[in-house]
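Written below as structure tokens is the structure these notes are about.
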Amino acid sequence: MVSWAITGATRGIGLGFVDNLSVNPKNQVFAIIRSRGTAGPLEELAAKRKNIHIVVTDISDPRKLDQAAAEISKVTAGSLDVLILNAGSAGPETSALPPTLPAKVDCTQIKTNLISNIYVINCFLDLVRNGKEKKIIFISSQSGDVEFTRVTGLSTLLGYSISKAGMNIVTTKFGAELTQDGIKMLSLSPGWVNTDAAVTGDPAIRKFMLNAFRKLDPSVNGPISVDESVTHQLQVIQSLTEANSGKFVTHHGNHDEWF
Ligand SMILES: NC(=O)c1ccc[n+]([C@@H]2O[C@H](COP(=O)([O-])OP(=O)(O)OC[C@H]3O[C@@H](n4cnc5c(N)ncnc54)[C@H](OP(=O)(O)O)[C@@H]3O)[C@@H](O)[C@H]2O)c1
């Protein structure tokens with residue numbers, strides 16, 4: 001049995017990880033969510049696959065996270081092999097403003113995408129220490145990469161980009177400390193993926209993003225499917241070793257193929 005916990009498992013990439021992993025009965029999958037309000041498809045899947053366990057918690061509250069870790073511990077006898085920090089959001093409409101027009105500096109994304117992830121790591125650390133794989137994966141974003149931003153010229157999503165760039169270094173710092181325990185850390189960009197977060201339903205936004213992305217890669221035509229992204233990401237996670245722990249890589253396992 002390999003045990004996996006994925007935050008933000010109701011929709012999009014998180015649900016894709018749960019679906020892809022739970023096909024294999026040798027995987028034990030903990031789908032960590034904040035509410036059952038958006039969890040209809042996850043609950044339908046969990047009703048069919050007994051290796052899916054839904055855990056409701058609040059990633060911004062370490063006390064609730066401790067309870068979630070205890071819930072997982074009861075099933076796994078105190079261990080967790082792979083923790084995937086996937087929950088995240090790009091934020092409200094105001095996050096689309098450029099940095100020169102900060103109506104109000106909004107720290108929501110920094111709290112959700114950065115501070116909460118530090119809580120999740122620390123509250124689940126003892127479980128991971130006792131795991132066989134000992135892997136912690138942060139689902140980052142191209143938006144947190146300096147060169148990607150420089151070449152595409154994308155100035156918006158300031159809070160989101162800060163949170164992802166900040167969390168990349170947090171991942172590296174944890175990796176530096178935890179290497180002594182054999183724990184491997186990785187920041188992983190999932191690609192441009194067809195989910196609610198990618199806002200590809202709006203033709204104007206899609207065109208704007210395509211124009212920016214093509215400055216970096218003229219061949220990009222649109223977002224990839226959740227399944228394609230998750231399949232690539234799982235290959236990268238599989239190949240994570242102590243030698244590449246602490247890096248920030250794309251779903252292709254390198255630092256230049258962002259799509
Ligand atoms: N899609 C892309 O192209 C893309 C590109 C780069 C990076 N990413 C990253 O990939 C990850 C997954 O994104 P996605 O595209 O799958 O987005 P999504 O479809 O919008 O799903 C986001 C997930 O995160 C959860 N979530 C959001 N805010 C949360 C909070 N404050 N507390 C707990 N859970 C929260 C959501 O739960 P609810 O259902 O309860 O809202 C949902 O399960 C994110 O970290 C995102 O930044 C995505």
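The values are calculated or read from the model by the stated rules, or taken from the named source; none is laboratory data. Not measured: the values here are computed from a predicted model. With ideal geometry, Cβ positions are generated from the backbone for all residues, glycine too; neighbour counts draw on all protein chains shown. These accessible areas exclude ligands, DNA and RNA; they are computed on the full protein's heavy atoms, side chains included. Shrake-Rupley method; radii C 1.70, N 1.55, O 1.52, S 1.80 Å.
Just a few scattered comments:
- Filtered residues of the range 198-218 (kept if surrounded by 18 or more Cβ atoms within 10 Å (Cβ to Cβ) and near the ligand (Cβ under 10 Å from one of its atoms)): Ala198, Met209
- Annotation note: of Gly191, Gly246, the sole residue that is more than 16 Å from the ligand (Cβ to nearest atom), within 30 Å of Asp81 (Cβ to Cβ) and part of a loop (DSSP other than H, G, I, E, B) is Gly246.
- Unique match (being farther than 19 Å from Asp227 by Cα and more than 8 Å from the ligand (Cβ to nearest atom)) among Ile33, Ile54: Ile54
- Meets criteria (part of a loop (DSSP other than H, G, I, E, B), open to solvent by less than 10 Å² (accessible area, probe 1.4 Å) and modelled with pLDDT of 95 or more) for Leu80: yes
- Scan of the range 169-182 for residues that are surrounded by fewer than 24 Cβ atoms within 10 Å (Cβ to Cβ) and under 18 Å from the mean Cα position of the chain (by Cα), ordered by number: Ile169, Val170, Thr172, Lys173, Phe174, Gly175
- Selection status of Ile224, within 12 Å of the ligand (Cβ to nearest atom), at negative phi and modelled with pLDDT of 95 or more: yes
- Qualifying residues in the range 219-241 (those that are out of contact with any strand residue (DSSP E or B) (no Cβ under 9 Å at 6 or more places or on another chain) and outside any helix (DSSP H, G or I)) - the one most open to solvent (accessible area, probe 1.4 Å): Asn221
- Conditions (1) part of a strand (DSSP E or B); (2) within 13 Å of the ligand (Cβ to nearest atom): number failed by Met185: (2)
- Set Arg63, Arg11: member being open to solvent by 60 Å² or more (accessible area, probe 1.4 Å), out of contact with any helix residue (DSSP H, G or I) (no Cβ under 8 Å at 6 or more places or on another chain), among the basic types (Lys, Arg) and within 16 Å of the ligand (Cβ to nearest atom): Arg63
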